[in-house]
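Computed from the coordinates by the stated procedures, all read-outs in this text should not be read as laboratory data. If you're wondering where the values come from, they're calculated on a predicted model, not measured in any experiment. Please note: Cβ atoms are built from the backbone with ideal geometry, for glycine as well, and neighbour counts cover all protein chains shown.
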Amino acid sequence: MTVLYYSHHLIFKLAKKKVAKEAKQYKWIKTEPEPRNITWKGSMPHNDEVQTPLDLFRMFITEDILSNIVDQTNLNAMRKKNLALKLSLEELCRFLGVQMLMSILKLPAIRMYWENGIRYSPVADTMSRDRFISLRSFFHICDDTLMIPKGEVGHDKLFKIRRLYDVFREYLKKIDPEEIQSIDEQMIPFKGTIGFRQYLKDKPHSWGVKVFTRAGISGIVYDIEIYTGKGAVEISELGQGTDVVLRLVENLPRFMNFKLFFDSFYTGIDLIHKLRVEYGIESSGTIRSNRMRGAVLDTDANMKKKGRGSVDFRFERHSEISVVKWYDNKPVHLASSYCAVTPIDKCQRWDGTTRKYVEVDRPRIVRDYNKSMGGVDLADMFLELYRTDICSKK
């Protein structure tokens, strides 16, 4: 027991020294950052040619992909039921079109699109009910015989969608990026059996497959990464959140002064510094109080006495990073490589005591974060408008 006690004591002292050493790398002072030129050096493309929805679809789902789906679906039907499905490329396109129409005009059950009285002609006249259900049942993207079994070296949890997933990501990266972008999680709703299903209580769909997403303020998605569970990707000493951000921005043009926003899961002082120095990306985000790297700000009790809108801040000259603590209903910590407190504006907040809205001072870093962080949520909203809710039975 004595040896165990001193071992733990030694580990604790070494950990404290490591934290103290890390904290000494940053010297925080109470001042605002000096203005510098962070004008975006990129530009949005000007394409006068109007593209149809079909043109945009074909950018991502090429004829090679469709031909592969035809082959694998026919092969799957033969293996499972010894059935000659005889699916053609033209029929697959009709099938996908019907599936898209069902996401626009939603009915509780598939069979209702063909039932008398509520028959929906654009669907019912394109394909018979039984044929559509059969194609949904046998729809396949990959050759299962090539999959490395679970537990063996090289097993891929995304094998069944790997080819489509990789091609889709490559085409996302070819879209011309906009200046202001954010990184956040999305959820693909799913309650079936899968090894990497996640639960996020704050998402509209709590159960499903978690996807790390980089999207613009317009809601356009520029890159994604499906989370397949612990151990799937090696985590560096910088942490999982930092690793995810760096992988998702790898394709962004360097030193163009893109503005990137993320929440406290990702934000770290080292990440913000690395993005600015090595990638030329300005970033901001909410940050957890234990990641402040030695920055000491006013206490919660003092800020509560000062009232809503009170603010404290620090700046680190070497890294050119600012940290800000703003008190609203509760304290919020933020960090940024390009902005801090000024200029201060006013925002409307609900006062539970007076039962009315009151004006509260708001620092610039909070305004920019609130304005720019919603790109992934906007993409979620667009997806929800056209999501297919009816699950297939295998």
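Structural remarks
- Cα gyration tensor shape of segment 190-309, rounded if a/c is under 1.5, else prolate or oblate by comparing a/b with b/c: oblate
- Diffusion constant of segment 286-345 at 37 °C, which comes from Stokes-Einstein with the Kirkwood Cα-pair radius and 0.692 mPa s, µm²/s: 277
- Unit Cα scatterers, Debye sum, segment 67-118: log10 I(q)/I(0) for q = 0.30 Å⁻¹: -1.03
- Fraction in percent of alpha-carbon pairs per bin - 5 Å, segment 53-163: 2, 10, 19, 18, 18, 16, 9, 5, 2, 1, 0, 0
- Cβ-Cβ FRET estimate between GLU34 and LYS106, R0 fixed at 56 Å, reported to 0.05: 0.55
- Segment 36-104: proportion of alpha-carbon pairs further apart than 16 angstrom, %: 65
- Kirkwood estimate for the chain, i.e. one over the average of 1/r between Cα atoms, Å: 24.9
- Highest average first, the peptides 279-286, 35-42, 363-370 ordered by how many other beta carbon atoms sit within 10 Å of their residues are 279-286, 363-370, 35-42.
- Cα-based Kirkwood hydrodynamic radius, segment 129-248, one decimal, Å: 16.6
- Convex hull per residue volume in Å³, alpha carbons only, for segment 256-317: 107
- Cross-link partners of LYS274 among aspartates and glutamates (Cα-Cα below 13 Å; sequence separation of 8 or more within a chain): ASP243, GLU250, GLU282, GLU320
- Peptides ranked, highest mean first, by Cβ atoms within 10 Å: ranges 217-223, 331-337: 331-337, 217-223
- Equivalent ellipsoid dimensions for segment 151-212 as semi-axes, Å, which come from the Cα gyration tensor, largest first: 24, 20, 9
- Our Cα-only numbers for segment 113-159 put the radius of gyration and Dmax at 18.2, 55 Å.
- Cα pair distances exceeding 24 angstrom across segment 272-394, given as percent: 41
- For the pair segment 167-211 and segment 287-335, the centres of their Cα atoms are 31 angstrom apart.
- Overall form of segment 113-197 per C-alpha gyration tensor (a/c, 1.5; a/b vs b/c): oblate
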